[in-house]
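The block underneath contains the structure these notes are about, expressed in structure tokens.
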Amino acid sequence: MDAAVAHLTQYWIFYAAGLAVLVPLVYFTRTYSAPIIQAVIEIMIYFTIFHTVLWCIVFLTAKFKDSTQLSWNKTAPTPWKTPLLQFWDRALYEPAWLFYLEAVFAAGLIIAMIRMRPMRTQRRRRYESKPLRKGEVPEHLRHGLPPKGSAAKRK
């Protein structure tokens, strides 16, 4: 944490200048940039959830493996582990293939999100007549008339 604070105090002018350029740019291109920002935030939430679930599975697997009767003669615990906070450091993943497993699932999440979630803002369908509000009665029911286009005739 001290390294992050030292970095921010040393380079705060660059962050302020970048923010001064970025805020007007995002404001004037908000119809294009807002869906992209929303998609990036959404995929980060998915990554966080998946990484936490993977961490829990690896933690429980290591604890279960250490608790079985097959490992009673071992003195060292199982080295299975994943970092919860420093996920970018490959050296902390044990066994090493867990990092690649997480990378493959992250790529799968990106592909699924691109395929399943549209990037453009969805619009409401335009109705031929305005939608009814609570307590309103349609015109054809108000006077006992059949709906428009029906084959029933008035008596």
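Okay, here's what the table says:
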read-out	value
Criterion: in contact with a helix residue (DSSP H, G or I) (Cβ under 6 Å, 6 or more places away or on another chain), part of a helix (DSSP H, G or I) and hydroxyl-bearing (Ser, Thr, Tyr) - qualifying residue of TYR46, TYR32	TYR46
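Yes/no matrix, rows are residues, columns are (1) among the β-branched types (Val, Ile, Thr); (2) surrounded by 10 or more Cβ atoms within 10 Å (Cβ to Cβ); (3) modelled with pLDDT of 85 or more; (4) assigned to a loop (DSSP other than H, G, I, E, B):
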residue	(1), (2), (3), (4)
LEU70	no, no, no, no
PRO77	no, yes, no, yes
LEU101	no, yes, yes, no
ALA106	no, yes, yes, no
LEU109	no, yes, yes, no
GLN122	no, no, no, yes
LYS130	no, no, no, yes
ALA151	no, no, no, yes
LYS155	no, no, no, yes
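The values are calculated or read from the model by the stated rules, or taken from the named source; none is laboratory data. Because the structure is predicted, anything quoted here is derived from the model rather than measured. Note that we place each Cβ from the backbone using ideal geometry, even for glycine, and neighbour counts take in every protein chain shown.
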